[in-house]
Amino acid sequence: MNVDAPPENITKSASDHNTGEAQAARLQWGGRFSEGPAAIMQAINASIGFDHRLWREDIAGSLAHAAMLAHQGIISQDDETAIRNGLGEIHAAITSQKFTFDPALEDIHTNIEAWLVGRIGEAGRRLHTARSRNDQVATDFRLWVRNAIDAIDLQLRDLMRALADRAAEHAGTIMPGFTHLQTAQPVTFGHHLLAYVEMLARDRSRLADARARLNQCPLGSAALAGTTFPIDRNMTAQALGFTAPTANSLDAVSDRDFAIEFLAALSIMAMHLSRFAEEIIIWVSAPYRFIRLSDAYTTGSSIMPQKRNPDAAELTRAKTGRIFGALLALLTVMKGLPLAYAKDMQEDKEAVFDAADAAELSLAAMTGMVTDMQADEARMRDAAGADFATATDLADYLVRDLDLPFRTAHHVTGRIVAMAEARGTDLASLPLAAMQEAEPRITEAVFGVITVEASVAARKAIGGTAPDNVARAAAAWQKALS
């Protein structure tokens, strides 16, 4: 079982734990409460069902905190050694599925601390010196989001590389370019694919920016006001790979901007993936048949044996809604909270976890489809020549070679298109004499510019679809992403 999935070994109560562990957890409430919380309170209050995913980060934070406490003489070196060894045992127990998560112990922090106290006794109780669960969870969550950004960045790189590879393969494969989903001008398939590489590059940049902003360490902010102990926050920040400690303890424990920004970046990325998924769905449909996906990324119909449904693309498109919803949910949670921490903020994690999972799965599916898809080059080329897609090239010829004003050229081209439409032919098949009825100065040279091949080859300006441009751009991306 994946230890990040909802653990099967979450017990119904604390009865499965030894008395020392359960008693240690209940000490968190001190002497204020004579009885345990009602069942409904326990159900709404417990977060272990989802925040168990923070276990790696929680152990890492505790190891750094214990090392700092010992370095500062706040706890003994023997206690730090016992804590370090105990946390190592917990890490091994969770990894091997031998750790029992107890909902009565509320959250991942208390579960781990309870197990630690149950194994090493008094030394385990010293671990929480000079920290609160408020700065503990803020630190853990930042570490988790940072790790998620790093993982998603690698997936984005892989998808970009797959797109660049296919773009290099199809630098000269002609297809129709669309506006309003109507045939507009010929482009190359490689040029189209590289458009998504550009989008994904911006997504990586946004995630990198978000990572840089989140990379400050809240640990040591305690509940909200800092601590009276002589801690070294720079030491813990450095140990955990942060660039610096957070500057304000109130902000440190109540800030979830890093999670919101992560979700915002994921939302834009998911929008890009959804646009591409939509195009894949269109391209594989019978009226287009520009590409084919294998059985690996399609499914059949329960009643229609001929069907090959692009379900991977459709589900990628649909998961965008989950990611958008996560962003709105967390914005709504945070919008009315006064400083500093409030229990509302416990609702931050499920949305982030779900969005990250959806994003990672969508990226994997999209990379697989890009690698898997096979282009029907002949059908793409035929479609590129339909619907007078080279009309703009004709207008450009009239401006460039005959020195017509563009608006006049536009009008003349419209007349010629109407002639071709009336004859049921494309522009390249229209007789020269017919074109000369609209503009007598047109010569045979026009036929060298109104084929789809000439159209794409002529667009050599930076960013244009000329095959040589596309080949260079694809090669540059391949090199950058290698």
With the 8 Å Cα cutoff and a minimum separation of six or more residues, region 375-461 has a relative contact order in percent of 34
What full-extension length gain, to one decimal in nm, is calculated for Asp468 and Thr228 as 0.36 nm per residue of separation minus the Cα-Cα distance? 79.8 nm
Estimated inter-spin distance, Leu337 and His411, nm [label 7 Å along Cα→Cβ]: 6.5
Would you list Arg275, Arg381 from the most to the least accessible area, probe 1.4 Å? Arg275, Arg381
Just to confirm a number: summing +1 for Lys and Arg and -1 for Asp and Glu over residues other than Val449 whose beta-carbon lies under 13 angstrom from that of Val449, what do you get? -3
Measuring from label point to label point, each 7 Å out along Cα→Cβ, what is the Arg308 to His71 span in nm? 5.9
Cα-Cα separations in region 96-172 greater than 18 Å, expressed as whole percent: 64
With 0.36 nm assigned to each residue of separation and the Cα-Cα distance removed, Leu250 to Ala378 gains 39.7 nm
Where does helix 391-402 land angle-wise versus the long Cα axis of the chain, in degrees 0 to 90, nearest 10? 60
Helix 55-71 sits at what angle to the longest principal axis of the chain, using alpha carbons and giving 0 to 90 degrees rounded to 10? 50
Accessible-area order (highest first, 1.4 angstrom probe) of the listed residues Lys343, Lys319: Lys343, Lys319
Asp153 accessible area, nearest 10 Å², 1.4 Å probe? 40
Using a Förster distance of 51 Å, how high is the FRET efficiency between Gln436 and Lys479, based on the Cβ-Cβ distance and rounded to 0.05? 0.55
Taking the solvent-accessible surface of protein heavy atoms with a 1.4 Å probe, what is the per residue accessible area of the chain in Å²? 46
Ordering Ile152, Ile260 from largest to smallest accessible area (1.4 angstrom probe), what's the sequence? Ile260, Ile152
Rounded to a whole number, what % of the accessible area of the chain do carbon and sulfur atoms account for, probe 1.4 Å? 54
Can you show me the helix-derived [θ] at 222 nm for the chain, built from DSSP H runs with n ≥ 4 at -39,500 (n - 2.57) apiece and divided by the number of residues, rounded to the nearest 500. -19500 deg cm²/dmol
Under the definition of Cα pairs under 8 Å and six or more residues apart, what whole-number percent is the relative contact order of the chain? 17
Cα long-axis angle, helix 133-169 against the chain (0 to 90 degrees, to the nearest 10): 20
Pop the C-beta distance of Leu154 and Glu122 into the FRET formula with R0 = 51 Å and round what comes out to the nearest 0.05. 0.75
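The values are calculated or read from the model by the stated rules, or taken from the named source; none is laboratory data. These numbers come from a predicted model, not from an experiment. Positions of Cβ are backbone-derived with ideal geometry, glycine not excepted, and every protein chain shown enters the neighbour counts. These area figures cover heavy atoms from the full protein model, side chains too; ligands, DNA and RNA do not enter into them. Shrake-Rupley method; radii C 1.70, N 1.55, O 1.52, S 1.80 Å.
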